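Below is one structure, written out as C-alpha cells; the observations come after it.
The values are calculated or read from the model by the stated rules, or taken from the named source; none is laboratory data. Values in this document were obtained by computation on a predicted structure and should not be read as measured data. Positions of Cβ are backbone-derived with ideal geometry, glycine not excepted, and every protein chain shown enters the neighbour counts.
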Amino acid sequence: MKRLKFQLSDIIEPDFGLLDHLITLHVLTFRQLEDVQSERTVYRRNDALLDLLTSEEQHNKLLTALQRTRQQHVVNFIKGNGGQ
C-alpha cells in the first residue's frame, strides 16, 4: 500500500464516515483522528492517515472501512495493485 500512497491520496474520501469507521475498528486513536482532521486539504488528510497505517492488520481494516463507506473503487484499486 505504501507504493500506492501518492495515488491513494488523490482518490480516498476521508471526510464522509471513513475516519469514524477507522475509530470504531480501533485503527485510529482519538488523538490521531484529530491530527488527521487538522490538515487543511483532503490530500494532506489522506497523507496523514496513510502515514499512520503501518501494519497489515491496519491495512485490512482500512479496506473494510472503505467498503463500509462505499469506496469499493478504492478497494479495487488497492487489490489490483494500482492497475498493475
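Numbers for the structure displayed
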| item | result |
| --- | --- |
| From the options 68, 45, residue that is touching an Asp or Glu at 6+ places or on another chain (Cβ under 6 Å) and in contact (Cβ under 8 Å) with a residue 12 or more places away in the chain | 45 |
| Selection count where residues are surrounded by fewer than 16 Cβ atoms within 10 Å (Cβ to Cβ) and closer than 17 Å to residue 81 by Cα, scope the stretch 2-51 | 7 |
| Qualifying residue in the stretch 52-59 (condition: modelled with pLDDT of 95 or more and farther than 19 Å from residue 81 by Cα) | yes |
| Near pairs, Cβ below 7 angstrom, 6+ apart or cross-chain, from the stretch 4-26 (more than 14 Å from residue 67 (Cα to Cα) and in contact (Cβ under 8 Å) with a residue 40 or more places away in the chain) to any residue that is part of a helix (DSSP H, G or I) and acidic (Asp, Glu) | 9/47 |
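Every residue, every condition in (1) assigned to a helix (DSSP H, G or I); (2) under 12 Å from the mean Cα position of the chain (by Cα), yes or no:
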residue	(1), (2)
27	no, yes
36	yes, yes
44	yes, yes
57	yes, no
66	yes, yes
76	yes, no
